[in-house]
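Enquirer: Got a structure for you, questions after.
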Amino acid sequence: MESHSIVRMGIVGAGTWGATHARILQAHPGAEVVAVCDADAGRARDLAGRLGLDTWYTDYADMFAHARLDAVSIVTPDYAHADIAVAAAARGLHMLIEKPLATTRDDVHRITEAVAASGVRAMVDLHNRFSPPFNVAKQAVDRGDLGTLQTGYMRLNDAKWVATDLLPWAAKSSILWFLGSHSVDTLRWFFGDDITRVYAVSRSGVLRDLGIDTTDVYLTTLEFARGGIAQMENGWINPNAMPNVNDIKFTIVGDKGMTSIDASSHNLITTYTENKVTVPDILVNDLVFGYPAGFAYQSIRSFIDCLTTGEEFKVSVEDAAKVSLVVLAILESAVRREPVDVTY
Ligand SMILES: NC(=O)c1ccc[n+]([C@@H]2O[C@H](COP(=O)([O-])OP(=O)(O)OC[C@H]3O[C@@H](n4cnc5c(N)ncnc54)[C@H](O)[C@@H]3O)[C@@H](O)[C@H]2O)c1
């Protein structure tokens, strides 16, 4: 991209997070959302209306053929990214793909091959790398303050309402795709190493009894190529009264130091009313004087910045592909109830 050009963006998937992409891209001085597509015409029309666009699409191939686009945001459900990414690559469109990159080995390879063959640029929105506490901790690791990393621990859980009320497709995905992809990416990023072997144990029943047929929780041990070990917990059965939708705890131990992060009960702000205690989000989706300030917004802005300057994206398709292949090994391990080697 030329450094002075405005990136003409199309959005595929006008749901909760697609609307967020549109809002953030629209607020970026270097981007303009010029087309919107959703398989559900009502959603496409609503989002187009909010953006002041008088046309919208229900078929992404139609949008790619007729709208004049430089790049697309792919914000469809977890399992529905690959066909769209392959079609975008064939049209020479750069892309910001929501996490997880894909949920099958075949889809992972179809996307990486299409991106490589077309020469387009692609970033995957594994945005925890942009979270201020995690980013500051990673800078310390990179300076060598903690020495060589030995162990890591990451809990990333959601309250139940995410599975029961927010995502209509929760039973067609998994908490490992929805949140575990962030955990795997964060741990790989900190260790700067590939995960070679995983062992996961899972439990089901709580959500099934609420009518959502998906696994409740996974506890997973990860082994890295150079000897590091880590554990991660991903569930979506935390109580709805949690003051923050996410429960996020993280500790990393090296041979010279340790860092711990509590990104959910962060103690920076607590609000009490007559019947509720909340810990308002000041990290992920917050606005400051109406300006999008949270890190979930920063990662979307960063796509435009890097596309415009030519700088490398902060999350590559190659990294995101490895994350998906690790998650596939975790799912297999939980079913087989034994450790599984990750196949790349
Ligand atoms: N980075 C984050 O923090 C974050 C947060 C929420 C969701 N997400 C990710 O964003 C993606 C979307 O999640 P969501 O919560 O917005 O889901 P959603 O269900 O609210 O929206 C998805 C939309 O995609 C549309 N769609 C499905 N298949 C389509 C197709 N082939 N062509 C066009 N439209 C199609 C659906 O009609 C729906 O409107 C998921 O991958 C999810 O994991 C990321």
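The values are calculated or read from the model by the stated rules, or taken from the named source; none is laboratory data. Fair warning: this is a prediction, and the values are worked out from it, not measured in the lab. As a convention, Cβ positions derive from the backbone with ideal geometry for all residues, glycine included, and neighbour counts pool all protein chains shown. Remember, those area values only see protein heavy atoms, side chains included, never the ligands or the DNA or RNA. Shrake-Rupley method; radii C 1.70, N 1.55, O 1.52, S 1.80 Å.
Enquirer: Which residues, taken from the range 7-30, are open to solvent by 10 Å² or more (accessible area, probe 1.4 Å), more than 15 Å from the ligand (Cβ to nearest atom) and of a type in the set (A, V, I, L, M)?
Expert: Across the range 7-30, the qualifying residue is only A27.
Enquirer: Consider only pairs whose beta carbons are under 7 Å apart and that are at least six residues apart or on different chains; among these, list those whose first residue lies in the range 274-302 and is on the phi < 0 side of the Ramachandran plot and surrounded by 12 or more Cβ atoms within 10 Å (Cβ to Cβ) and whose second residue is at pLDDT below 85 and not hydrophobic (A, V, I, L, M, F, W, C).
Expert: Correct list of pairs: T278/P243; V279/P243; V279/S265; V279/H266.
Enquirer: Among the numbered criteria (1) out of contact with any Leu (no Cβ under 7 Å at 6 or more places or on another chain); (2) under 29 Å from V86 (Cβ atoms); (3) of a type outside the set (V, I, T), which single criterion is violated by S265?
Expert: (2)
Enquirer: On to the next question. Could you tell me whether L69 is within 24 Å of E113 (Cα to Cα), touching a helix residue (DSSP H, G or I) at 6+ places or on another chain (Cβ under 8 Å) and either more than 8 Å from the ligand (Cβ to nearest atom) or small (G, A, S) (or both)?
Expert: Answer is yes for this residue.
Enquirer: Of the conditions (1) in a helix (DSSP H, G or I); (2) touching a Pro at 6+ places or on another chain (Cβ under 7 Å), I269 fails just one. Which one is it?
Expert: (1)
Enquirer: Look through H81, H4 and report the one residue that is within 12 Å of the ligand (Cβ to nearest atom) and either open to solvent by less than 20 Å² (accessible area, probe 1.4 Å) or at pLDDT below 95 (or both).
Expert: That would be H81, the only listed residue that is within 12 Å of the ligand (Cβ to nearest atom) and either open to solvent by less than 20 Å² (accessible area, probe 1.4 Å) or at pLDDT below 95 (or both).
Enquirer: I've got another one for you. Mind listing whichever residues of the range 31-48 are away from the ligand (no atom under 15 Å from the Cβ) and either open to solvent by 50 Å² or more (accessible area, probe 1.4 Å) or in contact with a Gly (Cβ under 6 Å, 6 or more places away or on another chain) (or both)?
Expert: E32
Enquirer: Give the number of residues within the range 306-331 that are among the charged types (D, E, K, R), assigned to a helix (DSSP H, G or I) and open to solvent by 80 Å² or more (accessible area, probe 1.4 Å).
Expert: Qualifying residue count for the region: 1.
Enquirer: Listed residues L126, L156, L146, L167; which is away from the ligand (no atom under 16 Å from the Cβ) and either out of contact with any strand residue (DSSP E or B) (no Cβ under 6 Å at 6 or more places or on another chain) or touching a residue at least 24 places away in the same chain (Cβ under 8 Å) (or both)?
Expert: L146
Enquirer: Do you know which residues across the range 50-73 are within 19 Å of I6 (Cβ to Cβ), of a type in the set (D, E, K, R) and open to solvent by 60 Å² or more (accessible area, probe 1.4 Å)?
Expert: Passing the criteria: only R68.
Enquirer: Ok, one more. Based on what the data block shows, is V120 without any contact (Cβ under 8 Å) to a residue 40 or more places away in the chain, buried (at least 18 other Cβ atoms within 10 Å of the Cβ) and more than 16 Å from the ligand (Cβ to nearest atom)?
Expert: yes
Enquirer: (1) in a loop (DSSP other than H, G, I, E, B); (2) open to solvent by 30 Å² or more (accessible area, probe 1.4 Å); (3) away from the ligand (no atom under 15 Å from the Cβ): which one isn't true of V136, the others all being true?
Expert: Evaluating V136 over (1) in a loop (DSSP other than H, G, I, E, B); (2) open to solvent by 30 Å² or more (accessible area, probe 1.4 Å); (3) away from the ligand (no atom under 15 Å from the Cβ) leaves (1) as the failure.
Enquirer: Can I ask one more? Take D145 and decide whether it is outside any helix (DSSP H, G or I), surrounded by fewer than 20 Cβ atoms within 10 Å (Cβ to Cβ), in contact with a helix residue (DSSP H, G or I) (Cβ under 7 Å, 6 or more places away or on another chain) and not β-branched (V, I, T).
Expert: Judged against the criteria, D145 is not a match.
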